[in-house]
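Take a look at the structure below.
Taken together, the values in this text are just the output of simple stated rules run on the coordinates, not laboratory data. Bear in mind the structure is a predicted one, so any value in this text is a computation, not a measurement. Here the Cβ is made from the backbone with ideal geometry for all residues, glycine too, and neighbour counts use every protein chain on show.
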Amino acid sequence: MKHTTETCLSSSIRRYVELKQALGRDFTKERRVLETIETFMIRTGAADWTQSAFEQWCRTFAHLSPTVRRNWMRIARNFFLYLQRTEPTCFAPDVGDFPRPHQPVRPHIFTDLEIIWLLQAAAKLKPVPRSPLRPEIFHLAIVLLNTTGMRRGELACLTIADYDQRTRSLLVREAKFHRSRYLPLSADASREVETYLATRRQCNLPMEADSPLLWNRYCNGYSGCGLGDGIHELIRETGIRTTDGRLPRVHDMRHSFAIRVLLRWYKAGVDVQVKLPALATYMGHVSISSTEYYLPFVAELAAAASNRFAGRYGALIQPSPGGGAL
């Protein structure tokens, strides 16, 4: 959005955005939020940024969710903290005035049986004119989401050229945090991709290198939302529910992948802490702190960690006279 009227903040916002972009940030969303501050100041005639102006600006997006409102306020606060470096008296919002952060949703860890149910449900889907390979596409989508842990948006952006048959790997291009990465596939997952491509070739559907891997006729490719809606409907049909009775999220498949990897490492007896950076890289994270978000302490992990501890140090723990351990 371009303003014909400058505010007292316009030049500072431009410098701030240019700085962040020079450091490698996309900063598109943040720039748009800061532009709403300019729009607000122009519309209200505000000559300066004050506590009162901040509160009035916040009321302009009161209809948004608490999480989004908190994020917008955080973006504004970061900008004004930057401004305080050269203008110490500049007002900066207090985080205590922000909406409380929501409690993270506990992820549903899909069992092997539930994944089988979803694959069986996908195989029963009916082809439609816009998606003649609808059963095959959703079957492949479920396989890849559960064996690679990739984000559904990353899956939707894959092209045929991104699959390398020689190395049995997928190239995820410019994903979140602007990071590209190669994902080696298991033999079974690679076989699923090749079976799907062979079926697509037999049906004389587009096979150009830049054609979307998950192709449909009208949009030339599924969007992340389209994939999510389709898989969510399969989850509904199979009756899979969380412990509190709600429908699992498609994103829970990413959590499930991370948990399964950790459990395999525990069973193999490898040093989990040493291997975590590899998992972070595979999942497209900038650090293992992001990966840890996908590793809730579920019962299976607790048991694996307990067994690992008992195997190494159990002999050192002796029963106390009262029946406890010392």
Per the rule of 0.36 nm per residue minus the C-alpha distance, extending residue 293 to residue 165 adds in nm 42.9 nm
Rounded to the nearest 10, the angle in degrees between the Cα long axis of helix 112-123 and the longest principal axis of the Cα atoms of the chain comes to 90 degrees
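Can you tell me the mean projection area, over all orientations, of the convex hull of segment 112-238's alpha carbons? Units nm², please. Walk me through the intermediate numbers first.
Details: hull surface 30.3 nm².
Value for segment 112-238: 7.6 nm².
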Counting lysine pairs in the chain that sit 8 or more positions apart or on different chains, with Cα atoms under 26 Å apart, gives 7
The size of the Cβ-based charge dipole (Lys, Arg +1; Asp, Glu -1) of segment 112-238 about the Cα centre, to the nearest 20 debye, is 200 debye
Under the Karplus relation with 6.51, -1.76 and 1.60 and θ = phi - 60°, whole-Hz ³J(HN,Hα) for segment 189-196, x at Gly and Pro, equal 5, 4, 5, 5, 4, 5, 5, 4
In whole angstrom, largest first, the equivalent ellipsoid semi-axes that the Cα gyration tensor gives for segment 182-317 are 36, 20, 14
With label points set 7 Å from each Cα along the Cα-to-Cβ direction at residue 19 and residue 68, the distance between them in nm comes to 2.9 nm
In debye to the nearest 20, the charge dipole size for segment 80-174, taken about the Cα centre with +1 at each Lys and Arg Cβ and -1 at each Asp and Glu Cβ, equals 440 debye
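Can you tell me how much longer the chain between residue 59 and residue 244 gets when fully stretched, taken as 0.36 nm per residue apart minus their C-alpha distance, in nm with one decimal?
On the way: separation 185, 0.36 × 185 = 66.60 nm, distance 3.45 nm.
Taking residue 59 through residue 244 to full extension adds about 63.2 nm, to one decimal.
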Neighbour-count ranking for 288, 240 (other C-beta within 10 angstrom, fewest to most) reads 288, 240
Here the chain gives, from Cα atoms, an Rg and Dmax in Å of 25.1, 82
Computed for the chain: size of charge dipole around the Cα centre, +1 on C-beta of each Lys and Arg, -1 on C-beta of each Asp and Glu, debye to nearest 20, value 180 debye
Hull surface over four for the Cα convex hull of segment 188-244, reported in nm², is 5.8 nm²
When all Cα-Cα pair distances of segment 10-97 are considered, the percent exceeding 22 Å is 23 percent
Going from the fewest other Cβ atoms within 10 Å to the most, one would list 283, 207 as 207, 283
Expected sort for 267, 126 with the fewest Cβ neighbours (10 Å cutoff) up front is 126, 267
Among 147, 117, 172, the residue whose Cα sits farthest towards the positive end of the charge dipole of segment 97-176 (+1 at Cβ of Lys and Arg, -1 at Cβ of Asp and Glu, taken about the Cα centre) is 117
Quick calc: nm separation of the 7 Å Cα→Cβ label points for residue 274 and residue 233 -> 4.8 nm
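Determine the shape class of segment 85-181: with a ≥ b ≥ c the square roots of the Cα gyration tensor eigenvalues, call it rounded for a/c under 1.5, and otherwise prolate if a/b is greater than b/c, oblate otherwise. Mind showing how you got there, number by number?
On the way: a/c = 2.83, a/b = 1.87, b/c = 1.51.
Prolate is the answer for segment 85-181, as a/c is 1.5 or above and a/b outweighs b/c.
I'd like the chymotrypsin sites (Phe, Trp or Tyr not before Pro) in segment 44-126 restricted to DSSP loop residues with at most 16 other Cβ atoms within 10 Å, sorted by number.
Numbers: sites: 49, 54, 57, 61, 72, 79, 80, 82, 91, 110, 117; in loops: 49, 61, 91, 110.
For chymotrypsin sites (Phe, Trp or Tyr not before Pro) across segment 44-126 that sit outside H, G, I, E and B with at most 16 neighbouring Cβ atoms in 10 Å, the list reads 61, 91.
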